[in-house]
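Quick notes on the structure that follows.
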Amino acid sequence: MIKKFITLGFLLSICSGAWATSTPITGTVEAKCAIFTTVNPKYGNPNPYTLTTLPASGGTEAILRTDVLAADYFDLLITHPNSFSSSPTLSDSVGFTGASVVSAVGVSGMSVYETNKLVVNNTTRFRLLLAGATWFKVSSVMVYGALDTTALPAGNYTSLITATCLAR
Amino acid sequence: MKILLLGFLLISLTVTFVFWKTYGFAHEMTPAYVKFKASYVENVSVGKLNIFNRRDDIRFYGIEVLNEKLKPVPFASTTKFMEIKTNTSKSFEVYIRNKDLKNKAYYVCTISKVMKKIDAPVVASRICSRIK
């Protein structure tokens, strides 16, 4: 009889041990900004002296997305190119233009980002006032030659769009 | 019934596409506000940060310390360039002289380093944590 009680007690202790076992999942939510490249840009070459990301000219505009987890903690700075990071040797002048605009918003209040944006030279600053996702479209156009008729040398051309999430 | 099934399939495909399109290429860094504390080197403070690479087109990231006008400030780290494979994170430490920390240093940033590509403007992502 005593042996049975001991066995039962032993089994129960094992079971209670098993019940007490737990696997905690921990996580932390903190203010952070993530930059996504949703669409990689590409230059189209509609004529011998122009490279452009405009879709009508065969290019693809960059689409960037930012996710912020806390309201008004970050600014986003988008710099469109004003030079090539790599290209064949260019003997004539190179003229860059470009723009960064809000293309879609996750929260309706984010539409003010476009009206409140600050443009200095080739950098556009957006204040990310609300938490959530925002999409930005970046375009770049390069015209070669002072008279706009000089043909670009054949080769590979690379330029850099920089998106910076800056903690306020 | 067929219309319902077709609708369900279409919605599933759309959700999968959106998830795939927006979840593949991110660069994250924490904390947003980095605190520096005394290091084992006299008059030098250390801050610890964590970077997460979800960009499958980028493997290398550089570390920068910048002032308020985004100009470089001297710093030390075990490496100024890190290789971070896609979908992995890495912790790193940044050492800054106390005098720079008080007067100059404002942001600690990580910037993606892009390889040369053909006929393409490339997106470089930079995330800057504010020094507190």
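Please treat every number below as a calculation from the coordinates, not as lab data. Predicted model only: the values in this text are computed from it and were never measured. Here Cβ is always computed from backbone atoms with ideal geometry, including for glycine, and neighbour counts include all displayed protein chains.
Past 28 Å, Cα to Cα: identify those pairs from A:LYS137/B:LYS132; A:LYS32/B:LYS69; A:LYS117/B:LYS90; A:LYS137/B:LYS104; B:LYS71/B:LYS113, in the order given.
On the way: A:LYS137/B:LYS132 32 Å; A:LYS32/B:LYS69 21 Å; A:LYS117/B:LYS90 33 Å; A:LYS137/B:LYS104 33 Å; B:LYS71/B:LYS113 18 Å.
Flagged as over cut-off: A:LYS137/B:LYS132; A:LYS117/B:LYS90; A:LYS137/B:LYS104.
Could you work out the relative contact order of chain A? I mean the mean sequence separation of Cα pairs under 8 Å and 6+ apart, divided by the number of residues, in percent.
Details: 357 pairs, mean separation 48.4, N = 168.
Relative contact order comes out at 29 percent.
List every residue whose amide H lies under 5 Å from the amide H of A:LYS32, counting only residues 5 or more places away in sequence or on a different chain, with H placed 1.01 Å from N in the peptide plane.
Answer set, sorted by chain and number: A:LEU69, A:ALA70.
Rounded to whole Å and sorted largest first, what semi-axes of the equivalent ellipsoid does the C-alpha gyration tensor of the range A:110-163 yield via the square root of 5 times each eigenvalue?
Numbers: eigenvalues 220, 35, 15 Å².
Semi-axes, largest first: 33, 13, 9 Å.
Among A:ILE78, A:ILE63, A:ILE25, whose mean-square fluctuation peaks in a Gaussian network model of chain A (Cα, cutoff 10 Å)?
In the Gaussian network model the winner is A:ILE25.
Measure off 7 Å from each Cα along the Cα-to-Cβ vector at A:VAL119 and B:SER89, then give the distance between these two points in nanometres to one decimal.
Those two pseudo-labels are separated by 3.8 nm.
How big, in percent, is the set of alpha carbon pairs in the range A:56-168 lying more than 21 Å apart? The partial results should precede the final answer.
On the way: 2723 of 6328 pairs.
Counting every Cα pair in the range A:56-168, those more than 21 Å apart make up 43 percent.
Take every residue in peptide A:75-83, count the Cβ atoms of other chains within 10 Å of its Cβ, and give the average of those counts. Show your work: numbers first, answer last.
On the way: counts 1, 0, 3, 1, 2, 1, 2, 0, 0.
Mean partner shielding for this stretch: 1.
Cα-Cα pairs above 18 Å in the range B:35-130: how many percent? Let's see the in-between values first.
Numbers: 2166 of 4560 pairs.
Tail of the P(r) past 18 Å holds 48 percent of the pairs.
Using alpha carbons only, how many angstrom separate the centre of the range A:36-56 from the centre of the range B:73-132?
Answer, in whole Å: 28.
Springs between alpha-carbon atoms under 10 Å, Gaussian network over chain A: tell me which of A:LEU90, A:LEU76, A:LEU118 tops the mean-square fluctuations.
Ranking A:LEU90, A:LEU76, A:LEU118 by mean-square fluctuation puts A:LEU90 first.
So if the hydrodynamic radius of the range A:36-102 is defined as the Kirkwood radius over C-alpha pairs, what does Stokes-Einstein give as its diffusion coefficient at 10 °C and 1.306 mPa s, in µm² per second? Please list the in-between numbers first.
Values: Rh = 14.3 Å.
Calculated translational D: 111 µm²/s.
Would you mind computing, in nm to one decimal, how far apart the modelled labels at A:ALA151 and B:ASP56 are, each placed 7 Å from Cα along Cα→Cβ?
3.9 nm
Name the residue, out of A:PHE96, A:PHE84, A:PHE74, whose mean-square fluctuation peaks in a Gaussian network model built on chain A with Cα pairs under 10 Å.
Among A:PHE96, A:PHE84, A:PHE74, the largest GNM mean-square fluctuation belongs to A:PHE84.
Let me check against my output: what whole-number percent is the relative contact order of the range A:108-165, with C-alpha pairs under 8 Å and at least 6 apart?
Numbers: 24 pairs, mean separation 11.7, N = 58.
Relative contact order here is 20 percent.
Could you give the nm distance between label points at A:ALA56 and A:SER108, where each point is 7 Å from its Cα heading toward the beta carbon?
3.1 nm
Using mean Cβ contacts within 10 Å as the protection proxy, how do B:54-61, B:37-44 order, highest first? All intermediate terms of the calculation are to be shown ahead of the outcome.
Values: B:54-61: 18.0, B:37-44: 11.0.
Top to bottom by mean Cβ count within 10 Å: B:54-61, B:37-44.
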